[in-house]
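The values are calculated or read from the model by the stated rules, or taken from the named source; none is laboratory data. In this text the structure is predicted, and so the values were computed from the model without any measurement. For neighbour counting, all protein chains shown are included, and Cβ atoms are generated from backbone atoms with ideal geometry for every residue, glycine included.
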Amino acid sequence: MDISLKRFFAYLKLAVSNLVGSGRRRLLPITLAILGTLSLTGCETVHFYSQAATGQLKILAGRKSIDRLVADEKTDPKLKLQLEWVRAIRAYAAGELQLPVESAYSDFTQLDGEYALYNLIAAPEFSLSPKRWCYPIAGCASYRGYFDKNDAVRQEGRLRAQGYDVYLGPVPAYSTLGWFDDPVLSSFVNWKPDRLASLLFHELAHRRVYISGDTRFNESFATAVSRIALPEWRRRNGIPQPAVKSVAQARRVNGLMVAARKQLQSIYDDTGLGIEEKRARKAETLQRLRRCYREASAGWVQDEKFARMIEKTNNATLALVSEYQSQVPAFVQLYRDSGEDWEAFYAAVEQLGAQSKDTRKARLKALSERAQASSKKVTGPSLQSDTCMSVAN
């Protein structure tokens, strides 16, 4: 047996025994599944799961009860206020959104670093379909998460050397899909209340519906739940809705990204183009995207987030945006078709998830088309234009 595997088994045996002894028995089944998988895999996989298990166990071991922290006079007043928001958001998610909150986000963990982990997304040079990685229990996904940033950077380098477009980004929060009672993390606890609510609604939605092997379905569904729920949550808590100008800016950026995807897809699908010509046209399209964004964003305030995203745009980032956003209109339409009733909506989503992936895709496409037909067209810069000032599709 490889020495790293022996060390990994020894560490998990000790860690699990300590945590199970303190009443956290939900660690046991997932740990046994990981161990069974590792016994059949190679050194690189062993190392990946080793850092994953180490990072997850460390977060769980550092949990502190939010109720106790709020009651403790020694707790920092700012943290206490944020944790009180978390309790209110949890109650709203359970009562109004009918999400399976249970004990999720009832604890708080202070991380050693700024972020919980780092997600790696990769796509081939001439494809907008992300590389997929498969895991025990969770199935296959279009990203790979690393608690150890150095490991993530090394893997990023390997993939770049193989010709992939790569994006490596920090992740402030993630869901273990109900296997563990996920804690609130220091990486996001200080967010503004509505952003905090948006995140928790998204992550809790994963506990309600999760289809193994379909990242786009899962992320678009969770994003839709958050998007649908947030306006009413803001209204009830006296929090203003986003400024019309900021919403319009986000839509314009999204429109440019969609246009870039369409142009790149046509380049990649053109069998009459050679590799060098595809490479040149790809570069031209991405350069035009950045130029169009600079023209569209002239005079904007606080556009740093969008600017960073545009500058990093490649096949991997476009794939990532698509995974989280492309099917959201379809799920919003399905919510309307369900009488805007949460339980009926979740039941419809579960029924859709039980169908084959091709059937799901066709059904979601039809829902998206209906949603698009019933919505007003938004004008903005077009990537097709030399001046980027004509009306967008």
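Among the residues of segment 321-341, is there at least one that is in contact (Cβ under 8 Å) with a residue 40 or more places away in the chain and in a loop (DSSP other than H, G, I, E, B)?
The answer is yes, given that some residue of segment 321-341 is in contact (Cβ under 8 Å) with a residue 40 or more places away in the chain and in a loop (DSSP other than H, G, I, E, B).
Inspect all residues belonging to segment 228-243 and state whether any of them is among the aromatic types (Phe, Trp, Tyr), modelled with pLDDT of 95 or more and closer than 30 Å to Arg132 by Cβ.
Checked against the condition, which is being among the aromatic types (Phe, Trp, Tyr), modelled with pLDDT of 95 or more and closer than 30 Å to Arg132 by Cβ, segment 228-243 yields no hits at all.
Does Glu304 fit the bill of being at pLDDT 95 or above, exposed (fewer than 13 other Cβ atoms within 10 Å of the Cβ) and on the phi < 0 side of the Ramachandran plot?
Here the answer is no, as Glu304 does not meet what is asked.
Would you please list the contacts, defined by Cβ atoms under 7 Å and residues six or more apart or on different chains, that run from a residue in segment 82-107 that is free of Cβ contacts under 8 Å to residues at least 60 places away in the same chain to a residue that is part of a helix (DSSP H, G or I) and surrounded by fewer than 20 Cβ atoms within 10 Å (Cβ to Cβ)?
Close Cβ pairs satisfying both conditions: Glu84/Val70.
If you check every pair at least six apart or on different chains, which have Cβ atoms under 7 Å apart with a residue in segment 349-367 that is surrounded by fewer than 17 Cβ atoms within 10 Å (Cβ to Cβ) first and a residue that is assigned to a loop (DSSP other than H, G, I, E, B) second?
Close Cβ pairs (under 7 Å, with a partner that is assigned to a loop (DSSP other than H, G, I, E, B)) amount to Glu350/Val209; Lys357/Asp214.
Is it true that Gly255 is on the phi < 0 side of the Ramachandran plot, in the same structural domain as Pro329 (by TED's automatic domain parsing) and either part of a helix (DSSP H, G or I) or among the polar types (S, T, N, Q) (or both)?
yes
Residue check: is Lys245 within 21 Å of the chain's Cα centre (by Cα) and free of Cβ contacts under 8 Å to residues at least 12 places away in the same chain?
no
Kindly indicate the residue of segment 142-183 that is assigned to a helix (DSSP H, G or I) and small (Gly, Ala, Ser) and also nearest to Ile121 (Cα to Cα) among those meeting that condition.
Restricting to residues being assigned to a helix (DSSP H, G or I) and small (Gly, Ala, Ser), the top hit is Ala152.
Out of the residues in segment 91-114 that are small (Gly, Ala, Ser) and either under 22 Å from the mean Cα position of the chain (by Cα) or outside any helix (DSSP H, G or I) (or both), which is surrounded by the most Cβ atoms within 10 Å (Cβ to Cβ)?
Among those residues, the one meeting the criterion is Ala93.
Scan segment 232-245 and tell me whether some residue there is of a type outside the set (D, E, K, R), closer than 24 Å to Arg87 by Cα and in a helix (DSSP H, G or I).
Yes.
Taking only segment 344-365 into account, find how many residues are among the charged types (D, E, K, R) and under 18 Å from Pro100 (Cα atoms).
Summing the residues that are among the charged types (D, E, K, R) and under 18 Å from Pro100 (Cα atoms) in segment 344-365 gives 1.
Would you point out which residue out of Ser142, Ser186 is out of contact with any Cys (no Cβ under 8 Å at 6 or more places or on another chain), among the polar types (S, T, N, Q) and over 24 Å from Asn315 (Cβ atoms)?
Unique residue meeting the criteria: Ser186.
Could you tell me which of the residues Ala250, Ala280 is at pLDDT 95 or above and either under 16 Å from Glu125 (Cβ atoms) or assigned by TED's automatic domain parsing to the domain that holds Val301 (or both)?
On inspection, the qualifying residue turns out to be Ala280.
Among the listed residues Phe217, Phe147, which satisfies the condition of being aromatic (Phe, Trp, Tyr), buried (at least 17 other Cβ atoms within 10 Å of the Cβ) and over 28 Å from Leu111 (Cα atoms)?
Going through Phe217, Phe147 in turn, the sole match is Phe217.
Can you name every residue in segment 53-90 that is among the basic types (Lys, Arg) and assigned to a helix (DSSP H, G or I)?
Matches in segment 53-90: Lys58, Arg68, Lys78, Lys80, Arg87, Arg90.
I'd like to verify a number: residues in segment 40-65 that are at pLDDT below 85 and closer than 26 Å to Phe108 by Cα, how many?
Number of matching residues: 7.
Taking the options Val184, Val166, Val153, Val171, name whichever one is touching a residue at least 24 places away in the same chain (Cβ under 8 Å) and surrounded by fewer than 19 Cβ atoms within 10 Å (Cβ to Cβ).
One residue alone meets the criteria, Val171.
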